[in-house]
1. Under a cut-off of 12 Å between alpha-carbon atoms, report the aspartates and glutamates in cross-link reach of B:LYS370, not counting same-chain residues fewer than 8 places apart.
2. Could you work out the local net charge near B:ALA50, counting Lys and Arg as +1, Asp and Glu as -1, over the other residues with Cβ closer than 12 Å to its Cβ?
3. Pairs of alpha-carbon atoms within less than 8 angstrom and 6+ residues apart define the contacts here; what relative contact order does chain A have, in percent?
4. Remind me, relative contact order of chain B in percent, using alpha carbon pairs under 8 angstrom and six or more residues apart?
5. Which trypsin sites (Lys or Arg not before Pro) in the range B:303-404 pass both tests, a DSSP loop state and at most 12 other beta-carbon atoms within 10 Å?
6. Can you give the Kirkwood hydrodynamic radius for the protein assembly as shown, in Å, rounded to one decimal and based on Cα pairs?
7. Counting Lys +1, Arg +1, Asp -1, Glu -1, what net charge surrounds B:ASP194 among other residues with beta carbon under 14 Å of its beta carbon?
8. Tell me which of A:ASN2, B:LEU38, A:ALA45 sits at the most positive position along the dipole axis of the protein assembly as shown, charges placed on C-beta atoms (Lys, Arg +1; Asp, Glu -1).
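Computed from the coordinates by the stated procedures, all read-outs in this text should not be read as laboratory data. Since the model is a prediction, treat every value here as computed from it, not as a measurement. Note: ideal-geometry Cβ built from the backbone for every residue, glycine included; neighbour counts use all protein chains shown.
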Amino acid sequence: MNRIAATFARLKAEGRAGLITFVEAFDPDRATSAALLAGMAARGADIIEIGMPFSDPMADGPTIQLAGRRALHAGATVAGTLDLVREFRAGNDTLPLVLMGYLNPILSYGIERFAADAARFGVDGVIVVDLPTEESDMMLPSLRANRIDLIRLVAPTTSDERLPVVLKESSGFVYYVSITGITGTRTASADDLARDIPRLRRATDLPIAVGFGVRTPEQAAIVAQYADAAVVASALIDRMAAGLDGNGHASPALIGQVLDDVSALAAAMRLEPRVAYASLA
Amino acid sequence: MNKPIPNSLRNLPDERGRFGEFGGRFVAETLMPLILELEAAYETAKGDPAFQAEFDYYMKHYVGRPSPMWFAERLTKKLGGAKIYFKRDELNHTGAHKINNCIGQILLAKRMGKTRIIAETGAGQHGVATATVAALFGLPCVIYMGAVDVERQQPNVFRMKLLGAEVRPVTSGAATLKDAMNDALRDWVANVRDTFYIIGTAAGPHPYPAMVRDFQSVIGVEARAQMLEAEGRLPDVAVAAIGGGSNAIGLFHPMLDDDVRMIGVEAAGRGLDSGEHAASLSRGRPGVLHGNKTYLLQDADGQILEAHSISAGLDYPGVGPEHSYLHDIGRVEYVAVTDDEALAAFQLCCATEGIIPALEPAHALAYVAKIAPEMAADQIILMNLCGRGDKDIFTVAKHLGERL
């Protein structure tokens, strides 16, 4: 069982939903993202997504756009991001890491080489925002050969007829983009989730993570009632971006504040009784 | 009208939207169902004589088509070689070929029941053409334009406002055309149910490259017939400027199966080796951006680079995927001319033909001026004069050291 499957099995046994946090690699510098990765794991994140910076992140809102720009300014590359994974893995062999990014830097690195290096350094899953199902045969064989999950996005616009197409070759978990929009903007309501998540459950046995617009412990707790994991990204980046010093650096105290937010989110995932699994799984 | 032959180059893209390895549909899942819906709607419209008749009606009575084909006799004499003809798409309503595509797309938007129009623009020509058709059909319209471009293209910003469009300056990235396209895509993702995105060039996710090409093919279809009427034969060479490449593919596509040499002219900016150019075919490599696989200007890590050209309409780090394919199979030659060469051609056109061309076709003309003298007097060059230069007079004045 790979780390992602093992983590969701453990969450199910604990009767709670998981917390997925997000770090944009090299934002605002390598050392800060390394500290955030280690710190989030220690503060109760169940899975961490690592954003691979791209010059043209068309599905992202201003928060992650700016994070990507700071990261590229700090010298982020695909190789550098993989090296962050390697360093994290030296101290943690259980927490799943999922790389999230856009296709072009991966193409440029070489798909075969990317899959092999990602596996070697300890990546468990990959989300490629601009690689829809119709195009994913370009990456699936390499990822499969290296036992990396290709995690698919499902959106409110994905019709019931289309769901089986999208989910057919998915593995790991399903990432539900809970709003029609870009990252860090609107937030789905409890009613939206009560309507949408059962629709997905009927189409897949994979765990379902909900992202785009989940910002607070309260919102994460609502997500936890319906889904198997909540993804929080922009809110954590906003916390850090607002506290960067005049040189664009993150102080240890600022990193501590971001990690305090992670603790609060992790606590929220342990508050609500998991009704969803009992009734829907 | 000529029909595609077996092994025709005019049967692409395939059902996945591919031209060879190029093209495709590289968009987020949120947009994918919309892209598929658009493709189905376009396929239906394309086969519907009523849609074609409606398109033809607006082409004739609103755009002013067919545009003339002009024998540039004084220019021919001055260059002393092949006969040079201009396809006069600068005479269209709004002053460029962009309107052909905008009419086609807004008719499709109307058929699909969409009630809001968005578009990206660089220099503002596509923005003006989109604002024009949105006004004509009474639909609200938002134009995304890089903040840098808003600053340097004030007359077009005002035109769009007069036409009732809202111009949203884009400050992300380098605040130019590619960033405007990113923000238009972000708007579309957030407003998928009611919004139609009118992409301005033959690029983006399938079906846009094919659809824009089809609407722009009116240029090549007319020119082919006009040339047969004027000369009793097809031209030896067809030449057009390449930014995203919609005017070029519109001219070339109806003649791809004919024995016509074709040349696409990219912007070499301050020189192909200066690092400041927009020549994605000459100096880029294949990658994925804005929904399609194509040649891109990018660094070693796959980050997209900024393009440069004196012509804002060519200032884009990618190119339509069909051009990438035609480049790789060698059917079309792609060359590049510098800012300075385009400026010289701009002046040459004004002085010899009494036509102020846009800086985009001035690039095509600069290359025509290089090859015409080496060709025989009975040979023919057809060049797409795809836009008029009124919009460029401030840029040209600045480069010539004149104050307006």
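1. B:GLU341
2. Taking every Cβ under 12 Å from that of B:ALA50, the sum is -1.
3. Taking the mean separation of contacting Cα pairs over the length of chain A, I get 22 percent.
4. Rounded, it is 20 percent for chain B.
5. Sites meeting the loop and neighbour criteria: B:ARG403.
6. With all distinct Cα pairs of the protein assembly as shown included, I get 26.2 Å.
7. Net charge around B:ASP194: +2.
8. Projecting each Cα onto the dipole axis, the largest value belongs to B:LEU38.
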